[in-house]
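The values are calculated or read from the model by the stated rules, or taken from the named source; none is laboratory data. Just so it is clear, the structure is predicted and the values come from calculations on it, not from any experiment. Note: ideal-geometry Cβ built from the backbone for every residue, glycine included; neighbour counts use all protein chains shown. All accessible areas refer to the heavy atoms of the entire protein, side chains included, with ligands and DNA or RNA removed. Shrake-Rupley method; radii C 1.70, N 1.55, O 1.52, S 1.80 Å.
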Amino acid sequence: MQAMYLMVAAVLGMQQPIVPRTVAPALAHAQAALQGLDALDVLDGLDALDALDALDALDVVDIRDPRVLRDEQDPTDSLWRAARRAFNRGDYASAARLYGELTRRYPDATRAGDGLYWAAFALYKNDDLVRARSLLFTQQERYAKAATLRDGYALLARIQTALAKQGDSEAAAWLTEHAQPVEPARGCPDEDDEDDVRVAALNGLLQMDATNALPILKKVLAKRDGCSAGLRRKAVFVVSQKRGGETEDILLDVARNDPDSEVRQQAVFWLSQVGSDRAVTALDSILRGSTDPELQDKAIFALSQIHNARAAQILRDYATNERASDEAREKAIFWLGQQRSPENAAFLRGLYAKVTGEDLKEKVIFSLSQMGGADNGRWLMDIALNEREPVEMRKKALFWAGQTGGNLEQLVGLYDRMQDQEMKEQLIFVYSQRHEAAALDQLIRIAKTEQNKELRKKAIFWLGQSHDPRAAQVLLEIINP
């Protein structure tokens with residue numbers, strides 16, 4: 001008994017809970033769901049444009065050339081500081097004038113090329129697009145080593161897109177030229193180098209005139225060399241943003257025929273946004289015929305995002321397919337659980353008895369717990385009470401029944417009916433995760449009256465994690481009977 005008192009005293013001395021009250025299942029759920037979003041990595045190709053938006057919300061602090069920031073002898077310093085202050089306070093006209101003056105007065109200075117970029121950016125913010133474009137062309141011609149040169153290309157693509165929408169033929173021609181695929185002169189170019197500009201040009205052309213953009217995109221996607229794989233991945237994303245029959249044809253062709261696995265995966269992912277009967281047929285074919293596990297995963301996810309009866313039936317059929325890998329079947333089961341429908345719930349409850357692998361059974365239990373509903377709650381409790389089931393499955397069913405709001409009165413009544421110590425331990429844990437007074441009452445009762453020392457210790461431990469004054473009082477009573 002002294003050991004019990006010491007343990008209680010240690011519990012009372014805890015300053016912070018050892019185990020968080022919000023348990024990991026929600027995290028596990030989120031991690032599984034995120035697997036379906038791998039295809040969004042394609043957006044990395046537009047980082048250069050995103051950086052421009054980010055600047056709108058941040059103070060513009062130039063950290064590109066630390067060598068000159070603290071050089072008080074730099075003759076451009078005062079102009080640079082004044083221009084930066086104007087930009088930061090939103091006085092873009094003054095900022096453009098000051099940055100431009102810096103370049104005119106000190107054309108050979110380190111900051112001269114960057115001054116043109118920031119002047120163009122300020123003009124862009126003021127909607128003076130033609131002058132901004134002119135400054136960026138000048139930067140490209142005269143300052144090839146400017147730190148902001150690559151940012152300048154990205155900004156130019158945005159400016160040309162805006163001008164092309166206004167009917168500027170020069171801008172439209174620039175977009176068409178820079179969207180064209182080029183053959184690498186020697187070796188593979190850095191994917192993050194000029195491809196960003198090409199994708200920005202493609203995207204701009206698509207916004208301006210999809211009729212002209214799609215043939216160029218098809219040219220890009222028709223390439224089969226390894227050097228263009230990165231650009232093809234980004235081109236798939238650009239294609240996906242335009243809805244229509246031709247878009248569907250392009251994505252279907254890429255999903256079936258591109259030699260690069262990642263390019264095919266991107267096409268499969270975006271087919272989920274099309275959702276047509278042809279897309280469902282293609283996804284079904286990929287799921288059943290592909291030997292690429294990652295491509296199959298993308299097809300399963302894509303089908304889960306198409307909310308029609310045929311797509312759901314394909315997933316249900318695949319979940320029962322014993323020739324498929326358990327990993328792929330688990331993913332199908334998971335995504336069926338995310339579609340809360342009576343048909344999927346009934347299917348999963350029936351599937352549990354048919355599968356033999358523990359991982360598959362566990363995934364069924366989890367998916368049904370995520371669906372919620374009285375029928376699924378009763379089913380979980382039936383599994384927990386079924387002594388013919390493996391104890392691990394019973395424990396998981398009991399855990400999820402508690403986590404998803406199972407009937408507390410029924411859960412409390414289970415404790416005295418359970419004979420298995422592992423199940424009693426699981427019940428104690430379930431009570432600890434419920435916030436109702438009845439759950440705390442049950443923990444208190446177990447801590448005070450349970451004859452099994454290990455079970456009492458479990459209850460005392462979880463009382464120590466509670467912030468309820470009643471729990472503290474009970475622990476003091478145990479120490480000082």
If I compute solvent accessible area with a 1.4 Å probe over the protein chains, what percent of it on region 212-287 is carbon and sulfur? 45
Write out the GluC sites (Glu not before Pro) in region 362-463 meeting two conditions: DSSP loop, and at most 13 other Cβ atoms within 10 Å of their Cβ. Glu387, Glu436
Residue-normalised value, i.e. accessible area per residue, for region 310-376 at 1.4 Å probe, in Å², stands at 44
I want to verify the translational diffusion coefficient of region 407-481 in µm²/s; compute it with Stokes-Einstein, Rh as the Kirkwood radius over Cα pairs, at 10 °C and 1.306 mPa s. 130
Region 373-445 and region 222-276: distance between their alpha carbon centers, rounded to Å: 48
Rounded to one decimal in nm, the spacing of the 7 Å Cα→Cβ label points at Val391 and Ser276 is 5.7
Roughly speaking, to the nearest percent, how much of region 76-140's 1.4 Å accessible area is carbon and sulfur? 44
Quantify, in whole percent, the carbon and sulfur part of the accessible surface of region 326-481 (1.4 Å probe; protein heavy atoms only). 47
Can you tell me the convex hull volume per residue for region 227-303, based on C-alpha atoms, in Å³ to the nearest whole number? 74
Given Cα positions, please report Rg to Rh for region 393-449, the hydrodynamic radius being the Kirkwood one. 0.92
